[in-house]
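Right, one structure below, let's go through it.
The values are calculated or read from the model by the stated rules, or taken from the named source; none is laboratory data. Quantities reported herein were computed from a predicted structural model and do not represent experimental measurements. As a convention, Cβ positions derive from the backbone with ideal geometry for all residues, glycine included, and neighbour counts pool all protein chains shown. Note: areas computed on protein heavy atoms with side chains; ligands, DNA, RNA excluded. Shrake-Rupley method; radii C 1.70, N 1.55, O 1.52, S 1.80 Å.
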Amino acid sequence: VLQIVKESQQQHGLRHGDFQRYRGYCSRRLRRLRKTLNFKMGNRHKFTGKKVTEEILSDNRYLLLILMDAERAWSYAMQLKQEANTEPRKRFHLLSRLRKAVKHAEELERLCESNRVDAKTKLEAQAYMAYLTGMLRFEHQEWKAAMEAFNKCKTIYEKLANAFTEEQAVLYNQRVEEISPNIRYCAYNIGDQSAMNELMQMRLRSGGTEGLLAEKLEALITQTRAKQAATMSEVEWRGRTVPVKIDKVRIFLLGLADNEAAIAQAENEETKERLFESLLSECRDAIQAVREDLKPDQKQREHSLENDSGKVSNIQYLHSYLTYIKLSTAIRRNESMARSLQKALLQQQRSEEDGKRAPRPQDLIRLYDIILQNLVELTQLPGLEEDKNFQKEIGLKTLVYKAYRCFFIAQSYVLVKKWSEALVLYERVLKYAREVQSGAGAYTNSLKELPDVQDLITQVNAEKYSLQAAAILDANDTHEAESPSQVKDGKPLSERFETFCLDPSLVSKQVSLVHFPPGFQPIPCKPLFFDLALNHVAFPPLEDKVEQKAKSGLTGYIKGIFGFKS
């Protein structure tokens, strides 16, 4: 039963959470099964109801009819659950479809009690029935009944997983993992306060996975926090207490400590990155909720600013607090990414041997640029302009990250052999580090989470000696490269037969033997002759030899027209 259900769900929409597509598939498969089994409910003019009984269980496809009926009703209920977030009235239809699914599952369990069905199918039918019953009781908020049904389902699947091979057990264990968050949530609502911590641990163990299980865990954790948030009314930050009236902000602030603890306990960078993104997403939603309350309160805030001599209103201060959390979380995320890149830089040689793209110092420079931009935004938060301690603390953090940024800029210059620029930047790193050490007396606690400046000073001093040695070696290599035996002046081979030269291009496909096409050369020009004597020659008179011109007149004109000649 479970294998058929899971394969159908994964192939027809549920991989992407598309319950409507899966419901359409169930309807089409039901129609095909009824046509194949000749088990039609009447004709197009009249409906005649038929029920599957034990007497006609000659084909296992009759059981598929009941299973597809239950799946169609369940998928419609899940579709309505998604739509009920914006249309609450659809929740009544959702409960109706779940009851229909449970009814079909009960019929499937009753039919599977027949002797024609094997023991494995009987157990799976009971587990399927318990699962749908638990879902119905869960939606009705009957926590004890739902927990009993889910526990029954979990017990059956665990026994089935132990009775079969590892390949078959994977499917049963996945269903157990899906049920476990619901069981813990039911236990929390019954009165088990430790269930919330177990839900957080489940989310942490899920790692970087996505899908229905991760979405279910997030939804259950949010519902649990919503109940706890009813008792939260205010928050204190930097010596000022601010009332919190927005439910979404209460839920976010209530889960902030749990999220930070989960990030600290994350086993790998992928899980930590996913938790950071989840925390930032929740923080952005909370800021948007506060921003919507800020818009109608604009005039009132301006009036309070005048009366309180520049002191911002409570809602504005709450907005600054949430923005501080968002920017601080972004800085911690980028710092975590920077640390992982630094570890990868140390293993750069190994990565090159494996054929993978090795990280470069430029990647770290970009991360530190973003961190410095976030620190600039922190200093501009409304309500904190006059807080000297806060501004001093942010200034020291800025110097720390500037030192690391300069260090990796220097590393990038070393790669392109710009020794003097790199040396100047190393000196700038030492300057920033000494400023941090001299001004960090009263802010030692706030700088604990930052990278250690003393380690950076030690590393820079070592890098400076390496840089000087590399510069000297590079200068020697330059002198050797200028020796006559290695100079390549660009002449083809035909023009340097008498000079030995190491030219690797002679064994390549683009060897330079001669200049081709050849260059232009001057040649003698064709002589020009000028007849200067012609200007001084006197020709003999020819008047006696030239025929006298005929007399002109009317007669001559007429003769000329008709072609007569004299």
message: Please list, ordered by chain and number, the residues whose modelled amide H lies under 5 Å from the amide H of VAL235; skip anything fewer than 5 residues away on the same chain.
response: VAL242, VAL244
- request: Kindly report the accessible area of the stretch 37-98 per residue (heavy atoms of protein chains, probe 1.4 Å, no ligands, DNA or RNA), in Å².
  value: 62
task: Between PHE39 and GLU385, take the C-beta separation as r, use R0 = 45 Å, and let me know the FRET efficiency to the nearest 0.05.
output: 0.05
message: Suppose R0 equals 30 Å. What FRET efficiency, 1/(1 + (r/R0)^6) with r the Cβ-Cβ distance, do GLU158 and GLN20 give to the nearest 0.05?
response: 0.40
field: Full-stretch length increase - THR86, GLU139 - with 0.36 nm per residue and alpha-carbon distance subtracted
entry: 17.4 nm
- request: Any chance you could run the full-extension gain for ASP474 through LEU502? It's 0.36 nm times the residue separation minus the Cα-Cα distance, nm to one decimal.
  value: 8.1 nm
query: Taking a 1.4 Å probe, which of GLU463, GLU167 shows the most accessible area, and what order do the others take after it?
result: GLU167, GLU463
- request: For the stretch 423-438 and the stretch 378-412, compute the distance between their C-alpha centroids and round to whole Å.
  value: 14
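Using the beta-carbon distance between GLU449 and LYS311 and R0 = 35 Å, what value does 1/(1 + (r/R0)^6) give for FRET efficiency, to the nearest 0.05?
Values: r = 30 Å, r/R0 = 0.85.
About 0.70, to the nearest 0.05.
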message: Could you check the spin-label model distance between SER96 and GLU7? Points 7 Å from the Cα along Cα→Cβ, value in nm.
response: 3.5
Average Cα contact separation per residue, the stretch 51-202, under 8 Å, 6 or more apart, as relative contact order %: 16
message: Under the 0.36 nm per residue contour assumption, what length would be gained going from the current alpha-carbon distance of ALA538 and ARG339 to full extension?
response: 60.9 nm
